[in-house]
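To start, the structure itself, in structure tokens.
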Amino acid sequence: MSKSERTRHFIGVAEAAGRTAEAQTFAAEIVQLWPDDAAARNEDAYLQLLLGASDGAAETAEREAQVLVAREPWNWSARVALGLARLRLGKKEEALAVFRDVRATGSEPPGALAVRAAILAENGYEGGARGDAHNLGAEHLLPEERALIAPLLAD
């Protein structure tokens, strides 16, 4: 197993254990080793956003994710990073626009759907957001992703 594969494996293990900060540290290590790895940069940015990245980091994440979405329009990981960056920057309508042209098929990562539900709620689509959040459950989400949908799960 190469170092890249090992590091990606550790990211997955840390995420599965709900250790977001540790996963972000591993993602940042991959970015240091392979700065041209767009997927690693996107994962690092997403995890930073979940952990409360600064406005500067959110702006950088927004720019990079926008380029990745333009190159790979069906890349849900890029879309979720872009949507979350915009949400963190207070651009809720622009965050919603990220998901306007794509449909969920059931194969999306649960965290992506949690972010989408939070964005729907922020834009006044409370019913749809609640339905998505209830369908998701919380078992395969990072703690920060669960926090995004917690208000939607309250009865």
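The values are calculated or read from the model by the stated rules, or taken from the named source; none is laboratory data. For clarity, every value in this text was computed on a predicted model and none was experimentally measured. We place every Cβ from the backbone using ideal geometry, glycine too, and count neighbours over all the protein chains shown. What goes into the accessible areas is simple: the full protein's heavy atoms, side chains included, and nothing from ligands, DNA or RNA. Shrake-Rupley method; radii C 1.70, N 1.55, O 1.52, S 1.80 Å.
Among the numbered conditions (1) surrounded by fewer than 22 Cβ atoms within 10 Å (Cβ to Cβ); (2) of a type in the set (Gly, Ala, Ser); (3) in contact (Cβ under 8 Å) with a residue 24 or more places away in the chain, the only one that SER54 does not meet is (3). Kindly indicate which of GLU22, GLU59, GLU64, GLU29 is out of contact with any His (no Cβ under 9 Å at 6 or more places or on another chain), closer than 21 Å to ARG146 by Cβ, open to solvent by 30 Å² or more (accessible area, probe 1.4 Å) and not aliphatic (A, V, I, L, M). Just one listed residue meets the conditions, GLU22.
Take the conditions at pLDDT 90 or above, under 25 Å from GLN24 (Cα atoms) and under 15 Å from the mean Cα position of the chain (by Cα) and apply them to GLU72. Does it pass? No: the conditions fail for GLU72.
Please enumerate the residues belonging to the range 70-82 that are assigned to a helix (DSSP H, G or I) and open to solvent by 20 Å² or more (accessible area, probe 1.4 Å).
ALA70, ARG71, TRP76, SER77, ARG79
The set of residues from the range 51-61 being in a helix (DSSP H, G or I) and not charged (D, E, K, R) comprises GLY56, ALA57, ALA58, THR60, ALA61. Of all the numbered requirements in (1) open to solvent by 20 Å² or more (accessible area, probe 1.4 Å); (2) farther than 19 Å from LEU141 by Cα; (3) assigned to a helix (DSSP H, G or I), GLN48 misses one, and that requirement is (2). In the range 4-15, is there at least one residue being charged (D, E, K, R), open to solvent by 60 Å² or more (accessible area, probe 1.4 Å), more than 24 Å from ARG146 (Cβ to Cβ) and at pLDDT below 85? For the range 4-15, residues charged (D, E, K, R), open to solvent by 60 Å² or more (accessible area, probe 1.4 Å), more than 24 Å from ARG146 (Cβ to Cβ) and at pLDDT below 85: present.
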